[in-house]
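The values are calculated or read from the model by the stated rules, or taken from the named source; none is laboratory data. This structure is a prediction, so every number in the text was calculated from the model and none was measured. No Cβ is skipped: glycine too gets one built from the backbone with ideal geometry, and neighbour counts run over all protein chains shown. Only protein heavy atoms, including side chains, enter the accessible area calculation; ligands, DNA and RNA are left aside. Shrake-Rupley method; radii C 1.70, N 1.55, O 1.52, S 1.80 Å.
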Amino acid sequence: MAGGSAHWSSRFAFVMASVGFAVGLGNIWRFPYITGENGGAAFVLIYLLCAYAIGVPCLIAELMIGRRGGSSAPKSVEVVARESGRSPIWSWIGGMGVFTAFTISVVYAVVVGWVLKYLFSALSTGFAGVDAAAANQSFSNMLDDSSMMLLWTVVGTLITGGIIFAGVKDGIERAVTVMMPVMFVLLIGLGIYNAFTGGFMTTLEWLFTPDFSKVDGSVVLAAVGQAFFSLSIAMGGMMTYGSYLPKDFSIVGGAALIVFADTMVALLAGFVVFPMVFHFGLDMSSGAGLIFQTLPVAFAQMPGGHVFSVFFFLMLAFAGITSLVGLLESVTAWFDERFDVNRHLSVAAVVLIVTVCSIASVLSYNVWSEVRIAGMNFNDIAEDLPGKVLLPLGGLMIAVFAGWRVLRTHSEDELNTNSTAFVTWRALVRYLVVPAIAVILVSGLI
């Protein structure tokens, strides 16, 4: 469905959809464990700097290109390029975004399946009597059970597909305008609850007392990758959502609101996860298993843990599904235009392809765990390629295109803002974002 055939019915709907896309497992699942692996407060500070100094200008650029192009990500870039007298070859930037979204969704869908499986466990048992050994064993058993993982992955992709299938207004808008406010309420409520249950002051110190001796090139690259992953930049989805924007919507104001909400959720997620980890003496740097291996132990020990666990995984499920909606909407919009088929067929095809490809991700946790290319299995490649290469490279090229190739009169007309704000954005894109991402990308890869 090209942008011209659908529009958001309200500013609130667009903001909720975009925040839902940006605020996903990247904030609530990935942010805590990435922070734990990279030293805490120093990482958080660099992440926030990247989110605002680099993320906001890039997000503005994506939404601007999407609205002006009015189509899928590749077609929007092509339209804007032709308008500015540039080669249509620039459309590869949008194509790379769609490929990035597809690559991430294949692995992401499996993790959404984990969340749904744990939500089911929370509803049925609330993790009663679970200790560290039992939690580790349960997580290990899940990773060893390909059939169960695939089942929950299919549940997640079908829920997501059903939302997209219904269309922009009847599907995506209706889902996000319910899911996102509920998710915010749950997140704030869980954070307030943790303020009175121990570990809160240690969390404050952990998140806001930086130790820059732990900062090196890999930490900076991780912060940039997390900012881009968290804000859903260079995935094609924000261009696609931008193509549904009415002309009178303020892109600058919308982008600032999206980034603010996104970073607040990431920090709030820290106040939900870290106090439990500190209070119960759990492993802060336990990686991707932090949510699934360490927190069930906390739920089992805390007063009201059953209810707390249900709310937590319900919140996580909403975050995961709204982000998966954005990823698959990006691919669906491209599929729609590329093969000239109706939306329903496009959604069915994309969901089927993503689900089939996710089998490789599922098997890489067990049967194919030792199958490696350059020392990495499928999941390592599917996570590292976007995080370390495609997202920063995509953000870099979007900034180059928007800042240096799009005619000033066109971008100024599209942003429709006062001259000071426009000049500031253009200067940031040209002279800060482009060189900063280039240096970070090269140094991180080296």
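Points worth noting:
- Total residues in segment 165-175, condition open to solvent by 50 Å² or more (accessible area, probe 1.4 Å) and touching a residue at least 12 places away in the same chain (Cβ under 8 Å): 2
- Residue ID - farthest from GLY237 (Cα to Cα), chosen from residues in segment 329-362 that are touching a Ser or Thr at 6+ places or on another chain (Cβ under 6 Å) and among the aliphatic types (A, V, I, L, M): VAL362
- Of the residues making up segment 115-136, those that are open to solvent by less than 10 Å² (accessible area, probe 1.4 Å) and assigned to a helix (DSSP H, G or I) are VAL115, TYR118, ALA122, ALA135.
- Of all residues in segment 419-446, those that are open to solvent by 80 Å² or more (accessible area, probe 1.4 Å) and at pLDDT 90 or above total 1.
- Condition met for GLY162 (open to solvent by 30 Å² or more (accessible area, probe 1.4 Å) and either at pLDDT below 90 or in a loop (DSSP other than H, G, I, E, B) (or both)): no
- Residue under evaluation PHE271, criteria (1) in a helix (DSSP H, G or I); (2) modelled with pLDDT of 80 or more; (3) open to solvent by less than 10 Å² (accessible area, probe 1.4 Å), criterion not met: (3)
- Each residue in segment 284-296 was checked for being modelled with pLDDT of 70 or more and in a loop (DSSP other than H, G, I, E, B), and 0 pass.
- ALA234 falls short on exactly one of the conditions (1) in a helix (DSSP H, G or I); (2) under 16 Å from the mean Cα position of the chain (by Cα); (3) under 30 Å from ALA399 (Cα atoms), and that condition is (1).
- THR322 in contact with a Lys or Arg (Cβ under 9 Å, 6 or more places away or on another chain), of a type in the set (Ser, Thr, Tyr) and open to solvent by less than 10 Å² (accessible area, probe 1.4 Å): no
- Residues being open to solvent by 40 Å² or more (accessible area, probe 1.4 Å), among the hydrophobic types (A, V, I, L, M, F, W, C) and within 16 Å of ALA402 (Cβ to Cβ) - total across segment 38-88: 1
- Here PHE249 meets each of (1) part of a loop (DSSP other than H, G, I, E, B); (2) closer than 24 Å to CYS58 by Cα; (3) free of Cβ contacts under 8 Å to residues at least 12 places away in the same chain with one exception, condition (3).
- Looking only at residues in segment 370-390 that are within 25 Å of SER218 (Cα to Cα) and part of a loop (DSSP other than H, G, I, E, B), the one that is least open to solvent (accessible area, probe 1.4 Å) is ASN377.
- Single match in LEU327, LEU363, LEU314 (criterion: crowded, with 24+ Cβ neighbours inside 10 Å and either under 18 Å from the mean Cα position of the chain (by Cα) or farther than 30 Å from GLY70 by Cα (or both)): LEU327
- PHE196, sole failed condition from (1) among the aromatic types (Phe, Trp, Tyr); (2) modelled with pLDDT under 85; (3) assigned to a helix (DSSP H, G or I): (3)
- Selection count, segment 406-418, where residues are open to solvent by 80 Å² or more (accessible area, probe 1.4 Å) and at negative phi: 3
- Complete set of residues in segment 176-216 that are of a type in the set (A, V, I, L, M) and open to solvent by 20 Å² or more (accessible area, probe 1.4 Å): VAL178, MET179, VAL182, VAL185, LEU186, ILE188, ILE192, ALA195, MET201, LEU204, VAL215
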